[in-house]
Structure formats: C-alpha cells, structure tokens
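The values are calculated or read from the model by the stated rules, or taken from the named source; none is laboratory data. Quick caveat, the model's predicted, so the values are computed rather than measured. When we count neighbours, we look across all protein chains shown, and the Cβ atoms used for this are built from the backbone with ideal geometry, even at glycine.
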Amino acid sequence: AQTVTQSQPEMSVQEAETVTLSCTYDTSESNYYLFWYKQPPSRQMILVIRQEAYKQQNATENRFSVNFQKAAKSFSLKISDSQLGDTAMYFCAFMNGGAQKLVFGQGTRLTINP
Amino acid sequence: EAGVAQSPRYKIIEKRQSVAFWCNPISGHATLYWYQQILGQGPKLLIQFQNNGVVDDSQLPKDRFSAERLKGVDSTLKIQPAKLEDSAVYLCASSLGPAGGQETQYFGPGTRLLVL
C-alpha cells in the first residue's frame, strides 16, 4: 500500500520569506501523480500544484514550485514570497495512475506571520 | 464553472441517530469520491464512484455507512446509527475520470459532523 509522510507538523515564517514543506512517499508503482493541497480554516481543500511522475521537469505555479526527486521518493513544496493568505494546512497526496484514489499525508500547519 | 456543492455544511446529532449528506459534483465529472477527515488528520477515502457504479469502497464501514449515486450525478452518504467516532468533516470530490484523462480531484466545502 502507498503511504505519504509529512514530517513537519507545524511551520511558521515571516511574510515575504521562502518556506519549504517536505513530503516523502512510498510506492512500487511507476505511473503515479503527486499533489499539494491547501486547506484554510474554511476547510475547503484547494489544489496548489500537481506533478506527473513521468515528467522530469518540476512543476511551477506562480509562487509555488516543487522539488520532485523520484529516486528518493521525495516531493517538497516551496512557497516563495509568502503571503498572509498562505496560512493554512498543507497536504501532500499521492495517486496511483490506475486507481485514481488519493492517499494523503498527515498535513503541515503553516503560519505566515506579519 | 460551478464547483462541487455539498449540504448541509454543519450537522449536530446524538449518537445512534442517522444522518445523510448530499453532494453535487462539477458538471460532466464522471468520478465522485467521499472522504472522511478526522480532526488533525488527512482525508481518508470512504468510497469512489465511476458514473453510478462503485469502484472502491474498501474503507467504508458498511455496517453503518452507505452511499449511492443513482443517476450518475449527485450522491448521498448516510450514517445509521452514528457513533461518537464518526465526528469528522465529510468531503466530497469529483474528477473527469479516466476517460477524460484528468486525474485532478476538486473538493467541495465539506460537511462538519458532530456526534454527541
């Protein structure tokens, strides 16, 4: 079974700083997808960024980028120029290409301080 | 494009009572998911539908939980009878599905259930 581990339960940085959230996963599959979701206090789960395992290039979405290390099974999220609105729980998630079922990590609570 | 809709947003019930949640996915999305998120944890898949058929319900406690998606569009999730440990946020998500080649799941706002 696939597992996803987020080793940082909580993180806190100052506004405008750069922060990196860690995620590791375990799988024997070759076709899979990785996601970072953001969950603010409203509880709505919002997609931040996705990465296809077959792509070597790291995904980027504006201030958000990932460092995908396939051999190490690592998928970290970097947030540049952090903003107060980035305060939320961040979940790393894995999806087996065939099953389409998301397996989530335990989450990292990120607080951006003014 | 309208997002995933869920109702109610909040529900408080006594243990052993029954409760039902409703979800309407994004138009055209063939795959619908129900997740349970206990406080402090990541969401856990309860059941996955492809159109109106069940793809995966391996983690659904079938003695008390049931779900249906009769016309392949909206879905209901029921708990009967509820236990204290069912207190959680129930999230509905949808995706285009394998035929659409789009794996990204889009989530609704969730229903927060408190069982007393």
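Worth a mention:
- Qualifying residue in segment B:98-112 (condition: among the basic types (Lys, Arg) and either closer than 15 Å to A:GLN100 by Cβ or in contact with a Gly (Cβ under 8 Å, 6 or more places away or on another chain) (or both)): no
- Filter result (hydroxyl-bearing (Ser, Thr, Tyr) and at pLDDT below 95) within segment B:13-29: B:SER27
- Residues satisfying the stated conditions in segment A:59-79, i.e. surrounded by 14 or more Cβ atoms within 10 Å (Cβ to Cβ) and of a type in the set (Gly, Ala, Ser): A:ALA59, A:SER65, A:SER74, A:SER76
- Residue in segment A:65-76 that is in contact with an Asp or Glu (Cβ under 7 Å, 6 or more places away or on another chain) and either within 14 Å of another protein chain (Cβ to nearest Cβ) or closer than 17 Å to B:SER95 by Cβ (or both) present: no
- Counting only strands (runs of 3 or more DSSP E) that sit wholly inside chain A, those with at least 1 residues that are free of Cβ contacts under 8 Å to residues at least 60 places away in the same chain and within 21 Å of B:PRO109 (Cβ to Cβ) are A:32-39, A:46-52, A:88-96.
- Against the numbered list (1) outside any strand (DSSP E or B); (2) over 17 Å from B:THR111 (Cβ atoms); (3) without any contact (Cβ under 8 Å) to a residue 40 or more places away in the chain, B:PHE49 comes up short only at (1).
- Single residue of segment A:80-114 satisfying the filter (buried (at least 17 other Cβ atoms within 10 Å of the Cβ) and aliphatic (A, V, I, L, M)) that is nearest to B:GLY40 (Cα to Cα): A:MET89
- Put simply, of B:ILE26, B:ILE38 the only residue that is more than 10 Å from every other protein chain (Cβ to nearest Cβ), in contact with a strand residue (DSSP E or B) (Cβ under 6 Å, 6 or more places away or on another chain) and either in contact (Cβ under 8 Å) with a residue 60 or more places away in the chain or surrounded by 15 or more Cβ atoms within 10 Å (Cβ to Cβ) (or both) is B:ILE26.
- Filter result for the condition that a residue is over 24 Å from A:VAL48 (Cα atoms), touching a residue at least 60 places away in the same chain (Cβ under 8 Å), not in a loop (DSSP other than H, G, I, E, B) and not small (Gly, Ala, Ser), over B:LEU114, B:LEU32: B:LEU114
- Condition met for A:SER28 (under 24 Å from B:LEU46 (Cβ atoms), over 16 Å from the mean Cα position of the chain (by Cα), surrounded by fewer than 17 Cβ atoms within 10 Å (Cβ to Cβ) and among the polar types (S, T, N, Q)): no
- For segment A:75-111, the set of residues classified as touching a Leu at 6+ places or on another chain (Cβ under 9 Å), within 25 Å of B:GLN48 (Cα to Cα) and small (Gly, Ala, Ser) consists of A:ALA93 only.
- Qualifying residue in segment B:4-19 (condition: within 11 Å of chain A (Cβ to nearest Cβ), more than 12 Å from the chain's Cα centre (by Cα), surrounded by fewer than 21 Cβ atoms within 10 Å (Cβ to Cβ) and assigned to a strand (DSSP E or B)): yes
- When each of B:VAL54, B:VAL89 is tested for being within 13 Å of chain A (Cβ to nearest Cβ), hydrophobic (A, V, I, L, M, F, W, C), over 27 Å from A:TRP36 (Cβ atoms) and not in a loop (DSSP other than H, G, I, E, B), the lone residue that passes is B:VAL54.
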